[in-house]
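Report on the structure given below.
The values are calculated or read from the model by the stated rules, or taken from the named source; none is laboratory data. Please read all numbers here as calculations on a predicted model, not as lab measurements. Note that we place each Cβ from the backbone using ideal geometry, even for glycine, and neighbour counts take in every protein chain shown.
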Amino acid sequence: MRTKIAKISLLLLVILVSVLVMALPSFHTKELSRIELSQEINLGLLLDADQDVELLFFGYAGCADVCTPRLSDLGKWYASLPEKTRERLGFKFLDLSVPEQKDLPMNFAKAFHPDFHGIFLCQRELRRYTKAFSVYFSSSLTQESEYNHTAHLYLLKRDSRGKKLRFVYSAYPYDFQQIKSDIERLIHE
């Protein structure tokens, strides 16, 4: 009798765990993957003079698991935007690795779209930028040439008082329709 109860209990536990695992994606909502802000950002390399809004991504050149798929998707999506939108929208990739070759971040970013800009930062500047955007990164414990890092996408806007961080997108795959809508809204504010 005891083994029969144990088997039934184990079966019920497996069913319960299975149901919970299948339900996990429903606990994640799109609202939690997009944060709206109005935080001033006073950093010089952001938002060129002819841009009203800018997307910003922190990563490192050669990152195959996180940066490459995200930048590939972003490049395809960016190319699909209307030309008028692209004229007012910038995209910057800030390299977290401080590579010895200063042109490596630019070459990496441009591999995904010719309008993308890769930025090399010295250690001191990198600390300022990662602090301003609350970006986490550290050397990988298992691979010396790799980094663990926050992989959020940031949307900034220029206004009469300066530059502001307006949206942070944390979930992947990105909701490109939402990002496009946010960009268009900010351009027309």
Top-ranked residue in segment 133-154 [being within 15 Å of L43 (Cβ to Cβ) and not β-branched (V, I, T); ranked as modelled with the highest pLDDT]: Y154
If only one of G162, G90, G118, G75 is of a type in the set (G, A, S) and in contact with a Pro (Cβ under 6 Å, 6 or more places away or on another chain), which one is it? G118
Scanning for something at pLDDT 60 or above, within 22 Å of the chain's Cα centre (by Cα) and farther than 19 Å from K180 by Cα, does segment 19-39 turn up at least one residue? yes
Please find, among L165, L153, L186, L126, the residue that is buried (at least 19 other Cβ atoms within 10 Å of the Cβ) and without any contact (Cβ under 8 Å) to a residue 40 or more places away in the chain. L126
Among the residues of segment 168-183 satisfying the criterion of being of a type in the set (F, W, Y) and modelled with pLDDT of 95 or more, which is surrounded by the most Cβ atoms within 10 Å (Cβ to Cβ)? Y169
R88 fails exactly one of the following numbered conditions: (1) more than 19 Å from the chain's Cα centre (by Cα); (2) without any contact (Cβ under 8 Å) to a residue 40 or more places away in the chain. What is the number of that condition? (2)
Suppose the filter is of a type in the set (D, E, K, R), farther than 16 Å from K163 by Cβ and modelled with pLDDT of 95 or more; does D95 pass it? no
